[in-house]
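Working notes, beginning with the structure itself.
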Amino acid sequence: MADRVTVIGWDGSPLTAAARAALGAATLVAGAAHHLALPEIPLAAERIRLGSVALAARRIAAHRGTAVVLADGDPGFFGVVRTLRAPEYGLEVEVVPAVSAVAAAFARAGMPWDDAQVVVAHRRTLRRAVNVCRAHTKVAVLTSPGAGPAELGLLLDGVHRTFVICEELGTEREQVSVVTSDKAADHTWRDPNVVIVIGGPAARGVPGEGGGWIAGRDPGTGPRGWVQPDEFYGGGTESGTGGGPGGGLGEGETELLRAAQLARLGPRVGDLVWDIGCGSGAFAAEAARAGAAVIAVDRDQEACARTDAAARRSGVQLHVVRGTAPHVLENLPEPDVVRVGGGGAAVVSAVADRRPQRIVTHAATRDAAELVGRDLTEHGYRVECALLQSVALDTRAWTETERSVAFLLSGVLPDRAP
């Protein structure tokens with residue numbers, strides 16, 4: 001087994017004294033091609049070109065001597081340290097860090113980054129990385145071949161963002177470019193690169209000169225509570241499935257029904273939520289507050305305007321699409337979870353054809369609930385239904401002021417759960 005494994009981060013600047021000393025004593029060195037060309041590597045040292053880090057870790061574990069692993073940036077930040085410290089290799093790891101690619105990218109852009117989301121995009125996680133870019137105002141994307149600036153721009157179709165693209169940081173070929181997201185696909189970008197994605201309105205509660213207290217998105221931003229009172233979105237309940245006339249909420253938008261729908265769907269960071277028949281925008285805004293990307297759909301122009309206003313009031317970002325379901329859904333990106341607030345069984349069936357993990361909807365009658373439930377079952381979903389009844393009381397006299405009854409239906413696709 002290797003006596004010691006030293007992981008050296010490199011950002012293109014001269015190696016530190018500690019890094020040079022570790023390299024001078026190394027009998028095995030692993031790294032990318034440009035790392036293995038460094039003159040500080042002893043001529044007699046065994047050299048391993050890094051491809052699979054797990055394979056390299058096994059070779060290092062079997063090596064008799066002193067090993068060094070070279071990596072770009074800070075190797076403890078989405079880097080090789082996590083793999084090397086896995087218990088099965090039994091390695092003792094010492095780390096000599098460097099400036100991470102994310103920190104270097106924001107430094108080149110002259111921007112703070114304690115309020116940024118940081119994601120890794122490769123072919124398997126590209127869609128989720130794009131969803132984070134949809135939902136948040138500042139995101140750093142560590143890209144990979146096939147999941148770079150061009151692919152990010154293509155998948156952000158219809159959502160305007162500014163890209164700060166930092167290519168080959170720390171090398172003589174370093175270049176920083178600023179383009180709009182719709183132009184990113186028109187160019188071939190050099191790897192490795194980091195993309196800073198900026199856009200959308202700043203959330204409420206963004207810290208001022210005093211700074212924040214937690215990296216990334218402040219969980220305390222916005223009003224407290226998973227759901228807000230009906231009055232927050234425009235008043236009491238009106239008839240219909242969308243926002244009622246004069247700004248009232250529809251029957252599918254009451255506070256307790258929204259809470260139950262959110263609990264069943266469980267939207268989270270990296271998800272894409274469809275809210276079909278968004279009405280006042282109440283559910284869409286609350287799903288976005290959970291960190292998910294949200295596409296809100298409604299055929300009514302006033303409902304779309306109210307949803308935009310709800311998003312601004314809540315300090316979140318939404319993509320509002322005006323159109324009639326199910327036809328308007330054909331060109332939307334694939335959802336993870338979906339709320340159907342209007343359109344009935346035909347829309348639920350069209351949504352189920354797209355195979356999201358979870359679907360929730362409501363029905364006013366048992367017959368309507370049974371029709372939707374049978375269709376979801378035929379699509380392979382595990383279906384649950386509950387009759388929800390809420391009664392509002394005037395606590396001064398403990399008398400009933402309002403009653404709401406609805407059938408809550410949810411479908412979970414077993415092969416995609418959770």
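Numerical summary
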{"item": "Where labels lie 7 Å past Cα in the beta-carbon direction, separation of ARG108 and LEU38 in nm", "result": "2.0"}
{"item": "Along the chain, longest interval not containing exposed trypsin sites (Lys or Arg not before Pro), exposed being DSSP loop plus at most 11 other Cβ atoms within 10 Å", "result": "225-395"}
{"item": "Spin-label pair VAL391/ARG416, simplified geometry with 7 Å Cα→Cβ offset, distance in nm", "result": "3.9"}
{"item": "Kirkwood Rh (inverse of mean 1/r, distinct Cα pairs), segment 1-58, angstrom", "result": "12.0"}
{"item": "Residues whose placed amide H lies under 5 Å from that of GLY270, excluding near-sequence neighbours", "result": "VAL132, ALA293"}
{"item": "Radius ratio Rg over Rh of segment 105-146, counting only Cα atoms, Kirkwood formula for Rh", "result": "0.99"}
{"item": "Largest-first principal axis extents, alpha carbons of the chain, Å", "result": "84, 48, 44"}
{"item": "Kirkwood hydrodynamic radius of segment 247-391, Cα pairs, Å", "result": "15.0"}
{"item": "Kirkwood Rh, angstrom, segment 10-155 [1 / mean 1/r, Cα pairs]", "result": "16.9"}
{"item": "Table column - 3J(HN,Hα) (Hz), segment 17-31, Karplus curve with 6.51, -1.76, 1.60, x for Gly and Pro", "result": "4, 5, 5, 5, 5, 5, 5, x, 9, 6, 9, 9, 10, 10, x"}
{"item": "Computed accessible area, TRP10, all protein chains, 1.4 angstrom probe, square angstrom", "result": "50"}
{"item": "Surface per residue (accessible, 1.4 Å probe) for segment 46-129, Å²", "result": "55"}
{"item": "Cα lying deepest toward the dipole's positive end in the chain, options LEU142, TRP10, THR254, charges on Cβ", "result": "TRP10"}
{"item": "Computed accessible area, PHE407, all protein chains, 1.4 angstrom probe, square angstrom", "result": "40"}
{"item": "Normalised contact order of segment 274-375, rounded percent, pairs of Cα under 8 Å and 6 or more residues apart", "result": "26"}
{"item": "Viscosity 1.002 mPa s, temperature 20 °C, Stokes-Einstein D of segment 24-101 from Kirkwood C-alpha radius, µm²/s", "result": "168"}
{"item": "Equivalent ellipsoid semi-axes, segment 350-418, via Cα gyration tensor eigenvalues times 5, rooted, Å", "result": "32, 13, 8"}
{"item": "Rounded to the nearest 10 Å², the accessible area of THR180 at probe 1.4 Å", "result": "50"}
{"item": "Percent antiparallel among DSSP beta bridges (both partners in the chain, rounded to 5)", "result": "50"}
{"item": "The chain - percent of accessible surface contributed by carbon and sulfur, probe 1.4 Å", "result": "52"}
{"item": "Placed amide H near ARG47: partners under 5 Å, 5+ positions off or other chain", "result": "VAL29"}
{"item": "Rg over Rh, two decimals, segment 310-356 (C-alpha only, Kirkwood Rh)", "result": "1.00"}
{"item": "Spin-label pair GLN301/THR125, simplified geometry with 7 Å Cα→Cβ offset, distance in nm", "result": "4.3"}
{"item": "Helix 366-378 vs. the chain, principal-axis angle (Cα, 0 to 90°, nearest 10)", "result": "30"}
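The values are calculated or read from the model by the stated rules, or taken from the named source; none is laboratory data. Since we're looking at a predicted model, the values are computed, not measured. So basically every Cβ, Gly included, is an ideal-geometry build from the backbone, and we count neighbours across all protein chains shown. To get the accessible areas, we keep the full protein, side chains included, count just its heavy atoms, and leave off ligands, DNA and RNA. Shrake-Rupley method; radii C 1.70, N 1.55, O 1.52, S 1.80 Å.
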